[in-house]
Amino acid sequence: MSNYENFEIESGESKNITFDFRGFLFKVLNLWKLVLLCIGVALIIAYFINVRKQNVYRLESLISVENDQNPFFTANTSISFNWGGVSGKMGKTITTLQTRTHNEKVVDSLQYYLEYLVEGKYRKVDIYKQAPFKVELDLSKPQVLGQYIGIRFLDESTFELFTQFDNERASGQRYDTKEKQTVSLPIGSLKKTYQIGKPIHLPFFSGKLLLRNNRLIKPGSEFYIRFLNFDGVVSQYQKGISVKPFSNSSASVLILGLVGTNKDKIADYLNTTSVILSRTELERKNLYASNTIKFIDSSLAAVNSSLKEVADEMNNFRKVNKVFDVGTEMSDVSSKLKEFELQKETEESKLNYLNALEKYLRTKTDYTQIAAPTSVGITESNILSSVTKITGLAIERQSLEYTTREGSDLFKDIDRRINAEKNVLLETIDATKSTISLLLNTINRNIAIFEGKLSGLPEDQQEYLKIQRKLDISQEAYNVYMDKRSEAAIVKAANISDISIIDEAKDIGRGLIGPNKSLNYMMALMIGFFAPMFLIFVIFLLDNTIHGSDEIERLSNIPIIGLIGKYRYHNNLVVFEKPKSAVAESFRSIRSSLQFILNKQPKEGGRTIMITSSVSGEGKTFCSINIATVYALSGKKTILLGLDLRKPKIFDDFGLTNDNGIVNYFIGEKSFEEVNNHTHIENLDVVPAGPIPPNPSELLMGDKMNSLIEKLRLEYDIIILDTPPLGLVTDALELVKYADTSIFMVRLDYTKKGMLQLINAKNKAGEIKNIHIVLNFYKHKTNHNYGYGYGYGYGYGYGVYGNAYHESGDKSVFKKVKAFLKRI
């Protein structure tokens, strides 16, 4: 046998593990229809998957993350400042885009918890903005979750709302607070008519329906809306959005990507998430300026009130005292006094700011609300620097709260840096407060000196100058605060976000990423091919039946002398009743082979042929009857002995009964002549088994069996022994000694390989001699049967050649078609 036919691995001295590759290949070829069917079914399934599956798209947008300084930023204002490099911002921006807080804002602004759908061929399809209407919700009322609510337009101004409820209660959600509530539902079908634009108040739905851009709607058009769980939608987009750097060379540019089934919806989400991110970043950036404006506004309110009171006081004084002016010298003294008083008020404002700042630092933990020190004229560089650092660190910590778990080392590091900077600032505040106190003492002494110079004036003039100074000081303070507020407002207005959109997401007809139809068909092709191949492989490995002569040749050294094709007939007398059939020709071939074997061992008297098998059902009796028949038809005086005493079958085909047989002869009830039957076939006598005895082995071992064979050898040319199966009972072994040659029946696709090991062992041990194998149920089309008769020269090709011996007869059209399909 050639090397490519089998792969063999030696294990020990006598055991080999072999794989019949050629047998497997022919098994596959024999089942090619199954493989083709599986491939066809797999391709059909792939087609329906491709047709039914929604298209999946991926869109992208580009944003840049820069560190933009305010164009109006100066060292004097210190209102706008940088609290992180670009690389740090990139990491924070990527994290922010994937936080739940940010995606909640995006989903809420787009109302993606509300779906607009139409009935498609296989499913309801999300049409988003293509819906000719939009729903304006009452956010304070709960909306039922997961329920399809139908909308059928009746005309241009009315529509019918319809749905079906199976339960009395369902889960609902308020989209203002995101609180879930249980809503009551009307059981059964619901249909109600409403006007477009009019409010709808139902337990499960509250809002109104508005036409989108005054679109025309065809009467009878049906749409559906469905409310989704807000948290579930946010989680879907939070997990779905992808953020990554554009390239190593463009470290400040990010690619935002999102996958979905509606391209408009994807594009809106990507663009909105960029806008909200930019706006949020600008709000954080303007926080310092906003706090400063807020502080100045509160101070302006007090100064404005004081200015109004002093102006009223001056007007009342002039009405009463008629004093409108004083001398030039006294006016100069009063002007200098005003300057000292204005300086005093400025320093007191600084002192009040420092006291408030110190109290804030000692009692608060959120340091993002600190106003700019320059708003009250403090220019101390150490204070400005410390306030800037503390505010920046506080904003950084606040942004980390959205992305980092509590207790992280990042929080600990920022808190440590804030505390260190706060201690430095508190020490600087104490030193600055001492300096301001000393300056106030000096200012107060100078004020006392100038007030002494004015004490010589009349009392009404002194009062006039006092009120005038208060009025000038209040006006000056008001002007200063207004200038500071304008400066802070300009800085805030000129601030730009560090996040800018480079390339918006847009539907330009591309972006389809799935389903991958080609891949699905390829996978179907592979599965359709390899699944049956694997199944055939498993069956082939687990199959322990014999399928061809090659397997017998590999498993046994016993020669094959012939094969018998499968032939459907109503009885076993095929050779006699169908002499021109292929099966009859096969038996003639076997007869020739047996004669060749027997002639090699010349012997006086009749020749004995024993026919056995491994188990019942392998064609032993069929073969016995027809071999006996084929000898009888050749002119040989033949007798067929039914020695299968346990399961007798040789009687019915000859029109006999099994009431009397060889058992009766063995037990002495009948003479041999009484149990021997002459058949309608010339030269053929048959002895049936007779009633089933309780001790068949003992009967076959008796002396009568020996004397009977001796007697028959004198009277007959051929003696056929139909024995019990060798693999089930030992009766056949008792008859081996009477046989000149033995036939072991092997039925293809039925006989187990292990039975060949049994007959091999008995042949090797000498229990059976001169034994040969006949293959039964041969089918020429079975690809496993390649090489039948190879190396033997007996019976080769009779499955095909024998077709010429079939008796001619007209076939029906149905049989011709069936025969044609079998040949395919």
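Based on protein heavy atoms only, the range 254-311 ends up with 36 Å² per residue of surface accessible to a 1.4 Å probe. Residue-wise HN-Hα couplings along the range 171-177, as the Karplus relation 6.51 cos²θ - 1.76 cosθ + 1.60 with θ = phi - 60° gives them from phi, are 7, x, 8, 8, 8, 7, 9 Hz; Gly and Pro carry x. When only the Cβ of Lys, Arg, Asp and Glu is charged (+1, +1, -1, -1), the dipole of the range 511-610 relative to its Cα centre reaches about 380 debye.
Dipole size of the range 341-389 about its Cα centre, with +1 on Lys/Arg Cβ and -1 on Asp/Glu Cβ: approximately 280 debye, rounded to the nearest 20. A Förster distance of 35 Å, applied to the separation of the beta-carbon atoms of residue 176 and residue 478, puts the FRET efficiency at 0.25. Here the accessible area of the range 386-451 is 50 percent carbon and sulfur, with a 1.4 angstrom probe and all protein chains present.
Seen through its C-alpha gyration tensor, with square-root eigenvalues sorted a ≥ b ≥ c, the range 541-591 comes out oblate because a/c lies at 1.5 or above while a/b is not bigger than b/c. Across the accessible surface of the range 123-280, with the other protein chains kept in place and a 1.4 Å probe, carbon and sulfur atoms take up 48 percent. Positive contributions from Lys and Arg (+1) and negative ones from Asp and Glu (-1), summed over other residues with Cβ under 14 Å from the Cβ of residue 635, come out at +2. Give the separation of the Cα centroids, the range 470-517 to the range 568-619, in Å. A separation of 106 Å, based on Cα centres. Size descriptor for the range 206-285, Kirkwood hydrodynamic radius: 16.4 Å (Cα pairs only, one decimal).
Computed on the range 575-636, the Cα convex hull volume stands at 96 Å³ per residue.
If you roll a 1.4 Å probe over the range 583-678 with all protein chains in place, what percent of the accessible area is carbon or sulfur? Of all accessible area on the range 583-678, carbon and sulfur atoms account for 46 percent.
Modelled spin-label separation between residue 348 and residue 381, with each label point placed 7 Å from Cα along the Cα-to-Cβ direction: 3.2 nm. Of 178/208; 124/506; 239/265, which sit over 22 Å apart, Cα to Cα? Over 22 Å apart, Cα to Cα: 124/506. Taking the charge dipole of the range 669-756 about its Cα centre, with +1 at Lys and Arg Cβ atoms and -1 at Asp and Glu Cβ atoms, the residue from 756, 730, 686 reaching farthest to the positive side is 756. Our coupling estimate for the range 711-720, obtained by passing each phi through the Karplus curve with A = 6.51, B = -1.76, C = 1.60 and θ = phi - 60°, is 5, 5, 4, 7, 9, 10, 7, 10, 10, 9 Hz, Gly and Pro reported as x. Counting 0.36 nm for each residue step from residue 434 to residue 51 and taking away their Cα separation leaves a gain of 129.6 nm.
Prolate is the label for the range 479-623, because a/c, from the alpha-carbon gyration tensor with a ≥ b ≥ c as root eigenvalues, is 1.5 or above and a/b exceeds b/c. Ordered by 1.4 Å accessible area with all protein chains kept, 772, 680 run largest first as 680, 772. Applying 1/(1 + (r/R0)^6) with r as the Cβ-Cβ distance of residue 201 and residue 301 and R0 = 35 angstrom yields a FRET efficiency of 0.20.
Entry comment: accessible area of the range 101-229 is 51 Å² per residue, from protein heavy atoms only and a probe of 1.4 Å.
Between residue 513 and residue 737, the modelled label-to-label distance comes to 8.6 nm, taking each label 7 Å out from Cα in the direction of the beta carbon.
Available extension along the chain between residue 557 and residue 211 is 115.5 nm, counting 0.36 nm per residue and deducting the alpha carbon span. The residue 279 and residue 21 beta-carbon pair, evaluated with R₀ = 41 Å, returns a calculated FRET efficiency of approximately 0.05. Here the label points at residue 577 and residue 417, each 7 Å from Cα along the C-beta direction, are separated by 10.5 nm in the simple model.
In the distance distribution for the range 159-302, Cα-Cα pairs more than 25 Å apart total 59 percent.
Available extension along the chain between residue 715 and residue 308 is 130.9 nm, counting 0.36 nm per residue and deducting the alpha carbon span. Computed over protein heavy atoms with a 1.4 Å probe, the accessible surface of the range 677-786 works out to 42 Å² per residue.
The values are calculated or read from the model by the stated rules, or taken from the named source; none is laboratory data. Nothing here was measured: the structure is a model prediction, and the numbers come from that model. Cβ: placed from backbone, ideal geometry, glycine included. Neighbour counts: every protein chain shown. Remember, those area values only see protein heavy atoms, side chains included, never the ligands or the DNA or RNA. Shrake-Rupley method; radii C 1.70, N 1.55, O 1.52, S 1.80 Å.
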